Structures are given as C-alpha cells and as structure tokens.
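All of the numbers you see were taken from the coordinates with simple rules; none came from a lab. Model, not experiment: these values are computed from the prediction. Here the Cβ positions follow ideal geometry from the backbone for every residue, glycine too, while neighbour counts run over all protein chains shown.
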Amino acid sequence: MNNTGRESYQLTHLDRNDLISELYNRYGRKLYAYAIRTWHINEDESWDLVYRTLYKVIDSYSKYSFTNEEKFGSFVFRIFINYLRNHYRDHKKEFENFKIAEVDAETIQNQPEAMLPEESANVKLRLLNAELDKMEDWQRILLLMRSDGRPYSEIARYVDKPEEQLKVYYQRLKKLLTDKINGQV
C-alpha cells in the first residue's frame, strides 16, 4: 500500500524477461505506431526507441508507485515521449550542420554562366533545396522515399494519397524539379 491507502500497481511478480514480454505486448505496438504516425520516424528508429523505452521502464518503474494500470501506462508513455523529443533534437542538430544557406530561385538563376563545375553543382544544389522547401510535406516525402526505391504502396501509407495517383504525382514533381534546376522554367 502507498501512503494514500490505495493499492499500488506493480509488476514485481514477473522476472526481467517476462516483464519485457509483458510490456512489449501491452505497449510496444502502440508506441511504435505513435512514432510512425505522429512523429514520422522510420521503422528501425521507431523500434529502437520502443525498446529503449521498455528497458528504461524496467530499470526505473520500481522507484515509483502507481495506483492503477492507467497511471503506469502514462508513465511508460511519458518516457517514450522524452525519447522521441531527444531523438528529434539530436537529428535536428545533425541536419542543421549540413543545412545549405537559404537562397531564392531568382538569385540562383541569375548567376553568371562562366562558373567552375563545383560552383555550378553547388548552385544547383541550393536551387534544389529552395524548391524542396517550397513543396508540401507529402510531396517531399514522395520524392525522397521514391528516390530511395520505396514502393508506392509503402509511400501511400505516409502521404495519405491514393497509391494509384502517386506515380503521376511523382513524375510531375520530378519533371518540375528537373526543369527548374536546368533553368527551363
């Protein structure tokens, strides 16, 4: 009993391996789906965060007292949210290190023609970045996942668009980007 007189919710009757299985069965899929759906984290990283959460719960839950399973579930979810935030923060820093300076398309297109090959590639990269920034999230996701060789059926789950239309969208977006980068638009 805790100091409020109510019975405490604990999982002390299970050994460590059974506890992992029990936590996974109760919360694993829910946490995984939340990371994919809400935070748009890839599958491998999502599972990694789920497992880290479950092991953290096992290491720290005995320090707390829970009045019911709902309170315990909130505890598990809070740990998971903290891992998600840390993951986002860490990856945000990585991307900031590689972020290309903001440049608008007109400035890039008005560059002198006599550039070294490296400068030309850098200008095209900046133009590509500027054009990608103008796109909607689902368009960027479509282009990036397709360039990674992912099937349209998998992409449809992330962009909430009909699978049959994704091929058309992809071809149009690809042509638009290619034309803009090559100065045809």
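Quick notes on this structure:
- In sequence order, calculated HN-Hα J values of the range 74-81 (Karplus, 6.51, -1.76, 1.60; Hz; x Gly/Pro): 5, 4, 4, 5, 4, 4, 4, 4
- Given R0 = 30 Å, the distance between the Cβ atoms of Lys56 and Asn129 translates into a calculated FRET efficiency of 0.25.
- Under 21 Å from the Cα of Lys167 - lysines, other chains or at least 8 residues apart: Lys134, Lys175, Lys180
- Residues whose placed amide H lies under 5 Å from that of Phe66, excluding near-sequence neighbours: Tyr9
- Cross-link reach is defined here as a Cα-Cα straight distance under 26 Å, omitting same-chain residues fewer than 8 places apart; for Lys71 the lysines meeting it are Lys30, Lys56, Lys63.
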